[in-house]
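> This is the structure I want to talk about, given as structure tokens.
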Amino acid sequence: MTDRAAPATPAHVEPFVRVLGEDEAIRFLLTFGGAELYHATSPKGRSRLAEEFGIERAAAIARAAEHLPRRVPLAKEWIAAVWSNQGLTDAEIARRLHVTDVTVRAWRAKKPWRGLRKAKSADPRQLPLI
């Protein structure tokens with residue numbers, strides 16, 4: 001982890017982050033994102049969700065997501081911001097999220113991302129632009 005401020009968690013992802021933590025929420029979103037998922041309030045251990053995260057966590061996810069749509073969000077832009085904050089390169093983020101590096105750079109250019117990445121150290125031979 002770096003000393004930079006973490007990107008704000010979007011409201012549609014927050015219940016998953018609250019229950020699972022940031023890294024496990026990302027794993028959850030990458031595993032189940034984009035499809036409908038039945039959240040059993042009392043899972044029996046037969047679902048893929050219970051297999052991946054355990055029965056207690058599956059029940060906690062169901063309680064946390066009861067007012068959310070059944071389709072799990074992709075949240076790729078937020079995941080990219082988190083990974084960028086952790087120091088991954090645009091190319092590595094693009095590979096992991098199956099998007100182009102151009103897409104990652106476009107996401108980073110948006111306001112919520114500005115300031116997340118530290119500026120590269122200036123080359124003393126380079127004249128300042130401003």
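> Whole number please: convex hull volume per residue, Cα atoms of the range 1-116, in Å³.
In the range 1-116, the Cα hull volume divided by residue count equals 102 Å³.
> Quick one: net charge of T31's neighbours, Cβ under 9 Å, K/R +1, D/E -1?
+1
> Ordering R105, R125, R57 from largest to smallest accessible area (1.4 angstrom probe), what's the sequence?
In descending accessible area the options line up as R125, R105, R57.
> Which value in nm describes the separation of the simple spin-label points at R18 and A6, placed 7 Å from the Cα toward the beta carbon?
So the two model labels end up 1.4 nm from each other.
> While we're here: What's the Kirkwood radius of the range 11-53 in Å, using all Cα pairs?
Kirkwood hydrodynamic radius for the range 11-53: 11.0 Å.
> Rounded to the nearest 10 Å², what accessible area does F32 have for a 1.4 Å probe in the complete protein model?
In the full protein context, F32 sits at about 20 Å².
> Test of the criteria: in the range 1-86, which GluC sites (Glu not before Pro) are in a DSSP loop and have at most 14 other Cβ atoms within 10 angstrom of their Cβ?
E66
> Got a sec? What order do V102, V82, V17 fall in by accessible area at 1.4 Å, biggest, i.e. largest, first?
So the residues, ranked largest to smallest area, are V102, V17, V82.
The values are calculated or read from the model by the stated rules, or taken from the named source; none is laboratory data. No experiment lies behind these values; they were computed from the predicted model shown. When we count neighbours, we look across all protein chains shown, and the Cβ atoms used for this are built from the backbone with ideal geometry, even at glycine. To get the accessible areas, we keep the full protein, side chains included, count just its heavy atoms, and leave off ligands, DNA and RNA. Shrake-Rupley method; radii C 1.70, N 1.55, O 1.52, S 1.80 Å.
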